[in-house]
Each structure stands twice: as structure tokens, then as C-alpha cells.
Amino acid sequence: MAFKINDYTKSNELFKRATKVIPSGVYGHLGPAEGNFIPVSAWPFFSERAEGAYFWDVDGNKFIDYMCAYGPNILGYNDPDVDAAAFEQAKFGNCTTSPSYKMVELAELLVDTVNCADWAFFAKNGNDATSCAVLTARNATHRKKIIFVNGFYHGVSAWTQKIDYPGVLPEDVANNLYVDWNDVAGLEKIVAENKGEIAAFISTPYMHGNYKDNELPADGYWKKVREICTREGIVLIVDDVRAGWRLDLAGSDHYYGFEADLICFCKALANGWNVSAICGKEWLKDAVSGLSYTGSYWMSAVPFAAAIRNINKLKEIDAPKLLREKSVKLLDGLKGAAANNGFNLVVSGEPSLFYLRIANDDSMMIHQDWVAEMVKRGIFISSHHNHFMNAAVSDEDIKHTIEVADEAFKITKKMHPEAF
Amino acid sequence: MTDARTLAYINLYAVLGSLENLCELSEDARKLVKTDKPVAIGFDVKGGPSATLTFTDGKCKFTAGCEKCNVKLPFSSCEKFNGIIDGTVTPIPSKGFTKISFLLKQFTPLTDMLSKYMRPTEEDLKDEKFFELSTNLLFYTIAGAISQIGNNDEIGKFSAHHIPDGVVKIAISGGPAAAIEVKDHKLTTVKQNPEKYRALMEFGSMKLAHDLFDGKVNAIAKVGEGEIIMRGMINMIDNINRILDRVALYLA
């Protein structure tokens, strides 16, 4: 069957309006440039509403959304239980001079849930959490340098960016050291070359960088990293902003069998309500307490209430297992549809955060065309970024996705006779 | 946050290098540098680049090195060489004194002509032919500067380090195209439309390209409006764009 092709008339009109009053129209990862809308005509710019596994754009096009707002949507948009908890809290108060007791309840829940957590500190975005972690590590160790893993993304503050990024000074990143993923020998070398100077090693639990196949930790990698950090007095920070709550409710470090000193959460923590958290070991509690680090909305009660209900519901449904099962079902179907049409679809990373790449050419152009054909038919996926599974995706949604994928593969094949 | 050595490479390879294109695209330029015998002007910059511009029958060819020049202009430093582009330094040849007449009466007016196209007035740009030639020359200069910054500037080298091997095509729809060839993080600009490429960045029109070069429009918004097309290995384009930011810094 031929699926409907989306029309984006209203989206395009709104984008034109937006460019007059908003820098770039839509800036950042949700926008057409950073979001890799290739070609831009295949994508919507603005949504009108969302529910469960779907969102509808301003033209009324419905999408099965495998980007999940780039991670926050884990139970489904507008989850009735989480939203009920948030709306109930809103009746009592949100942003108040004395923080709500909900803050204590959420901290207790995190300490009970997250394996390495002896305490919890709250903020708003993932960047707030990773910045807090680095400040804490520097305060605790009185050292300057931070080791990053090449391909990293830890936020948008100057220290997280690179020397060639607009607005970043060489001094901002002068204490950043870089090592390749899974490279224990490289890590040992860099530690030896900077002995006694390294405050922290910061990394995602596995390499889910953009524009490349995602890589899982090699056998023994994290055990060795943990040993090196402990031996050298380096704070081990796990940036679980992206993967957190989808692999293991006790933290992705727990999933991979080690213990972080600090772990950062955001995205799926409250199913779309805005809160982030840093959890850590007891010995770092004084160091984080000593920071001058706060924000106007960091102790708002509504997102705390949402996070509490979200975490409890994730436990009730055993979300990591459920998301993995749904993802495996989807990925098996996509790989089958690809193979049936002569495509080499490479799937990498953890299933619940799957990364896709068509490997029939070396330029990603075939892949980009296939992704565009999917989006035009209402399956929102990405050509450059890992995806996110959510608990509201049904078997029917997965079946429909695979049917659309089959049609998109056929269309893409006709567009690229040179490759088949 | 620029350095004289990188600027010297840009000035020689990209700015003076675009004389090739000026002679190719302008009848007036061709007439101006017509000679009976080839004149090969070598630029030899101590601690910096060296290259030769060879003028034959109204055509200009750029080659790296100055072993085969018949007029040699030595410069004791990159700063001194950059001074000729600013107009603050007058070069004195160390060989080829018989070609001084070409230097003064043909080459200097040719570079003056180039300057007019590279730094046009609003009035000049109202002339359609002038506008088109100016945009072409700016395009080729920028394309040339990308490789020089990626190979020489410390921050540019950081960007180049993140570009995988392959060809990036940069083009203006209905206008010029160039290839940035990347091998082991070294960049080479080839001022021709490549047959095969791993990534494409195409500006939708000459007007859009000129406005972008002038900083009059926002590139990200134009991506959203579909007037700048990006395809293929976006991580290649992403890093080329970071170098492009520095082109503006050097050529401002």
C-alpha cells in the first residue's frame, strides 16, 4: 500500500515567522540544522500536541515518535499517572521560597533506587548536572584537568565544548584531555602524563555519539577504568543523561557492573517534566555542598512530584525490560525489511537507544534519503542520532513502522540505482 | 585569534590564487596580462608559503613552490608578505629585473582589479556582471582559504583533525563549485566540480551566497528555509563550517 505523504504548509509558514523573531527559527537539536533535516522539506518544524507514542504537527500530521523529544518521553507523552501527580502538586505550589518537601521525597527515592547514590542534588538540564559534577570533582580533588572520551557530548557550557566552537575560548577548554572510547592503554598513558593533575574522568556509559555507529564497552573496560580512577584519585563521572532509566533503574553504571562516583540524570527522569539530578557517593557530599551552584527553578515542586511518580511507574512496569523487548521487536522488523530490499541496515548501541545506519554507500546519503521517506510518512526517526524507545509504543505501532520502512526502502532503492 | 603565518598562506594560496579565476572569468583581466613570453612571478616567504603565478597568453596558473619562476619576490617574514595585500609593503624582486615593467604595469593593476571585486561597493554590485564575477571570486577565495586554515591555523587544525577522509563539495546552485579533498586531516582545495563526494554543501543562489559572504543573512535559518542544502557526511560539513567561521576572521 502507498502511505500518505505529509504536507507541511503550516509548519513552513510558522518557520518563516519564527526566523524573524527567534535566532535561526528553531535553534539547537530540535531545529533543522542541528537536527539534520535532510532534505528539510521532509520534516515538520512545530508540533501541536502529543500523546503516548505520537505527536501531531501543526499541519495535523501524526508521527510515531522514536526520538521521544530526544529522550525525555519514556512512558509516553502526557502519561496520565505522571501528569496527575504533577497537576496535583501544582494545586499546592511549585516555585516557592521554601522548597517543597517533595524535594526530600525525590532525593530519598533516588538514594533508594540508584546504586551509587548516597545523596541527590537537583537542577534543571543535563548540562546543569554535568557542570555540577565537574565542579564537584575539582572542589574535591583541587585538581584542574578533566578527561573526555572522543565523540563526547556533555552539554553546552563552555567547558563541554571544543576549541573551534563559536564563542569558546582556548582558555575554556585548556584543561580538557581526550582519549578514545574503550582505549584503556590510552587512558593509562594520559593519566601517567598528567599524574596528580586530573580531577575527573567523564563519560557516557557507552559511546552513543552522533554520526557514527554506537559502541558498547569492551569486556573489562569499565572495571579497568574504575581501577585507574580509584588508584589515581580521579573522580569517575558517568553522564547518564541520555541513557539513564532506559537500561537500568539503578543507573547505567550498575547495568555495566561498576560504580560511578557521580552520576548525572535528566531526560527521562520525570517523563518530560523539567528536572535533572546529580547523585553521588558519600565522600563527595561535602564537595558538592560547598559549591556556589543554584538556579531560580531548580527546586520547583511540580517536576519533583512528576519524577517521583515516573520512577515508581518505571519500577512497576520494569521499564528497561519492556523497552528492550519492544526495541528488539522493532529492530528485527527493520533489519528484515532492509534485507528484503537489498539494504545493509547496521544497528548499533543498546536496543532501547538504537542507532541506525544504511551502509550501502560511504556517504550516508542513501541513509538520509531513507530516513526522509520515513519521516514524510509519519515515522519520526533521525539520520545522525541514536533513537529512544518509549513504553507507549504498541505492537501495532511497530508493525506499522516496519510496513512504512518497507515502502521507504523501495522508494529509496529507486532513487539510488547506482548502489543496487 | 589569528596568526600571520596562516594569513600569509591564505593571502598567497586563496587571495592571489584567485587571480587564476579572475583571468579565466574576465576578458578585461585577460587583456591586461597578455604577454609575448610567459612571466612566472614567484613569491618566497621566509617561514611561510612559496608559490608561483605564471601568466601565459592572458591566462594565469598557480603552482606551489617558486623554483620555476622568472621573477622572484622574496619576503623576510609572513608579516612583510601580508603587507603587500594590505598595500603597506612594496615588493622588490631578487631576480627578473627585466620583468619589472610587467609587475608595475600589468600585475599591479590586475591585483587592483581583484581588490575591486573582492571588496565591492554597493553601487558596483548593482551591475549584474560585476555581481556575478565578484561572487565567483569570493567563492573561490573562501574555498581556497578553508584548506589553508585547516592546515595551518591551530584551531583550524583541530577542526581538520575531526574530518574523515573524502571529498566535500561546496557549490552555488547555477554557479561555481569546488572540492575540499581531505586525506589524513590535510585539506586540499580543488577549484573544480568533483564527480564523487561524501558530503555536499550547496547555496541556493548567487545572491544568497553573496549575502552569506557579506554576513547579511543567517546561515542556520537558511538551512531551515531549504536555501542551503547539506547532504552526506554532515560531520565533514560541520567541521568545514567551523573552519569557515575562521575564514571570516582572517578575511575580514
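The values are calculated or read from the model by the stated rules, or taken from the named source; none is laboratory data. This is a predicted model, so every value here is computed, not measured. Glycine gets a Cβ as well: all are built from the backbone with ideal geometry, and neighbour counts include every protein chain shown.
May I ask you to verify whether A:Lys195 is surrounded by fewer than 18 Cβ atoms within 10 Å (Cβ to Cβ), in a helix (DSSP H, G or I) and basic (Lys, Arg)? Can you show your working first?
Working: surrounded by fewer than 18 Cβ atoms within 10 Å (Cβ to Cβ): yes; in a helix (DSSP H, G or I): no; basic (Lys, Arg): yes.
No: the conditions fail for A:Lys195.
Yes or no: the stretch B:176-195 includes at least one residue that is within 11 Å of another protein chain (Cβ to nearest Cβ) and either in contact (Cβ under 8 Å) with a residue 40 or more places away in the chain or within 19 Å of the chain's Cα centre (by Cα) (or both). Lay out the reasoning, then the answer.
Taking the stretch B:176-195 and keeping what is within 11 Å of another protein chain (Cβ to nearest Cβ), we get none.
Within the stretch B:176-195 (the criterion being within 11 Å of another protein chain (Cβ to nearest Cβ) and either in contact (Cβ under 8 Å) with a residue 40 or more places away in the chain or within 19 Å of the chain's Cα centre (by Cα) (or both)), the answer is no, since none of the residues qualifies.
Going through the stretch A:39-85 one residue at a time, which ones are farther than 11 Å from A:Phe380 by Cβ, within 14 Å of another protein chain (Cβ to nearest Cβ) and crowded, with 23+ Cβ neighbours inside 10 Å?
A:Val40, A:Phe45
Listed residues A:Ala277, A:Ala243; which is outside any loop (DSSP other than H, G, I, E, B) and buried (at least 24 other Cβ atoms within 10 Å of the Cβ)? If you could, list the steps in order and put the result at the bottom.
Details: A:Ala243 fails: outside any loop (DSSP other than H, G, I, E, B).
When all the criteria are applied, what remains is A:Ala277.
Under 8 Å between Cβ atoms, which residue pairs at least 6 apart in sequence (or on different chains) link something in the stretch A:330-342 that is free of Cβ contacts under 8 Å to residues at least 12 places away in the same chain with a partner that is outside any loop (DSSP other than H, G, I, E, B)?
Partner pairs satisfying both residue conditions: A:Ala339/A:Leu345.
Hey, among B:Ala143, B:Ala252, which residue is of a type in the set (Gly, Ala, Ser), more than 11 Å from chain A (Cβ to nearest Cβ), within 14 Å of the chain's Cα centre (by Cα) and surrounded by fewer than 23 Cβ atoms within 10 Å (Cβ to Cβ)? Walk me through it before giving the result.
On the way: B:Ala143 fails: surrounded by fewer than 23 Cβ atoms within 10 Å (Cβ to Cβ).
Step by step, each of B:Ala143, B:Ala252 is checked, and only B:Ala252 is of a type in the set (Gly, Ala, Ser), more than 11 Å from chain A (Cβ to nearest Cβ), within 14 Å of the chain's Cα centre (by Cα) and surrounded by fewer than 23 Cβ atoms within 10 Å (Cβ to Cβ).
Kindly indicate which of B:Pro120, B:Pro91 is at pLDDT below 95, within 13 Å of B:Leu12 (Cβ to Cβ), buried (at least 18 other Cβ atoms within 10 Å of the Cβ) and not aromatic (Phe, Trp, Tyr). Step through it out loud before you land on a result.
Details: B:Pro120 fails: within 13 Å of B:Leu12 (Cβ to Cβ).
Result: B:Pro91 is the single residue among B:Pro120, B:Pro91 that is at pLDDT below 95, within 13 Å of B:Leu12 (Cβ to Cβ), buried (at least 18 other Cβ atoms within 10 Å of the Cβ) and not aromatic (Phe, Trp, Tyr).
Which members of the stretch A:326-361 meet the condition of being surrounded by fewer than 22 Cβ atoms within 10 Å (Cβ to Cβ) and acidic (Asp, Glu)?
A:Asp332, A:Asp361
Somewhere in the stretch A:2-19, is a residue within 14 Å of chain B (Cβ to nearest Cβ), more than 20 Å from B:Gly204 (Cα to Cα) and in a loop (DSSP other than H, G, I, E, B)?
yes
Somewhere in the stretch A:213-221, is a residue buried (at least 21 other Cβ atoms within 10 Å of the Cβ) and hydrophobic (A, V, I, L, M, F, W, C)?
No, the stretch A:213-221 contains no residue that is buried (at least 21 other Cβ atoms within 10 Å of the Cβ) and hydrophobic (A, V, I, L, M, F, W, C).
Looking at (1) more than 14 Å from every other protein chain (Cβ to nearest Cβ); (2) in contact with a strand residue (DSSP E or B) (Cβ under 6 Å, 6 or more places away or on another chain), which one does A:Trp159 not meet, given that it meets all the others?
Only one criterion in (1) more than 14 Å from every other protein chain (Cβ to nearest Cβ); (2) in contact with a strand residue (DSSP E or B) (Cβ under 6 Å, 6 or more places away or on another chain) is unmet by A:Trp159, namely (2).
Filter the stretch A:148-167 down to the residues that are of a type in the set (Gly, Ala, Ser) and crowded, with 18+ Cβ neighbours inside 10 Å, then identify the one that is farthest from the chain's Cα centre (by Cα). So that I can check it myself, show each step before the final result.
The initial filter retains those residues of the stretch A:148-167 that are of a type in the set (Gly, Ala, Ser), namely A:151, A:155, A:157-158, A:167.
Cutting the leftovers down to crowded, with 18+ Cβ neighbours inside 10 Å gives us A:151, A:155.
Values: A:Gly151: 14, A:Gly155: 11 Å.
The extreme case among them is A:Gly151.
For the stretch A:16-30, which residues satisfy the criterion of being within 15 Å of B:Ile228 (Cα to Cα) and crowded, with 22+ Cβ neighbours inside 10 Å?
If the condition is that a residue be within 15 Å of B:Ile228 (Cα to Cα) and crowded, with 22+ Cβ neighbours inside 10 Å, then A:Gly25 is the only one that fits.
Count, please, the residues in the stretch A:246-259 that happen to be part of a helix (DSSP H, G or I) and charged (D, E, K, R).
Qualifying residue count for the region: 1.
Going through the stretch A:23-38 one residue at a time, which ones are at the interface with chain B (Cβ under 9 Å from one of its Cβ atoms), over 21 Å from A:Ile379 (Cβ atoms) and out of contact with any helix residue (DSSP H, G or I) (no Cβ under 6 Å at 6 or more places or on another chain)?
Going residue by residue through the stretch A:23-38, those that are at the interface with chain B (Cβ under 9 Å from one of its Cβ atoms) are A:23-27, A:31-34, A:36-38.
When the remaining residues are screened for being over 21 Å from A:Ile379 (Cβ atoms), the result is A:23-25, A:27, A:33.
A:Pro23, A:Tyr27, listed by residue number.
Among the residues of the stretch B:222-234, write down those that are assigned to a helix (DSSP H, G or I) and modelled with pLDDT under 95. Let's see the steps before the verdict.
Initial filter on the stretch B:222-234 (assigned to a helix (DSSP H, G or I)): B:222-224, B:234.
Of everything in the stretch B:222-234, those that are assigned to a helix (DSSP H, G or I) and modelled with pLDDT under 95 turn out to be B:Lys222, B:Val223, B:Gly224.
Take A:Ser276 and decide whether it is of a type outside the set (D, E, K, R) and without any contact (Cβ under 8 Å) to a residue 24 or more places away in the chain. Step through it out loud before you land on a result.
Working: of a type outside the set (D, E, K, R): yes; without any contact (Cβ under 8 Å) to a residue 24 or more places away in the chain: no.
Answer is no for this residue.
Look through A:Pro205, A:Pro170 and report the one residue that is within 14 Å of chain B (Cβ to nearest Cβ) and either at negative phi or surrounded by fewer than 22 Cβ atoms within 10 Å (Cβ to Cβ) (or both).
Working: A:Pro205 fails: within 14 Å of chain B (Cβ to nearest Cβ).
Criteria check complete, one pass: A:Pro170.
Based on what the data block shows, is A:Ile38 more than 21 Å from B:Gly204 (Cβ to Cβ), more than 20 Å from the chain's Cα centre (by Cα) and among the aliphatic types (A, V, I, L, M)?
Values: more than 21 Å from B:Gly204 (Cβ to Cβ): no; more than 20 Å from the chain's Cα centre (by Cα): yes; among the aliphatic types (A, V, I, L, M): yes.
So A:Ile38 fails the test.
Could you check B:Asp124 against (1) away from chain A (no Cβ under 14 Å); (2) under 21 Å from B:Arg231 (Cα atoms); (3) over 20 Å from the mean Cα position of the chain (by Cα) and say which number it fails?
Here B:Asp124 clears every test but (2).
Enumerate the helices (runs of 4 or more DSSP H) found wholly within the stretch B:1-78, keeping only those where 2 or more residues are touching a helix residue (DSSP H, G or I) at 6+ places or on another chain (Cβ under 7 Å) and closer than 24 Å to B:Val247 by Cα. If you could, list the steps in order and put the result at the bottom.
On the way: elements: B:4-9, B:19-25, B:27-32.
Per the criteria, B:4-9, B:19-25.
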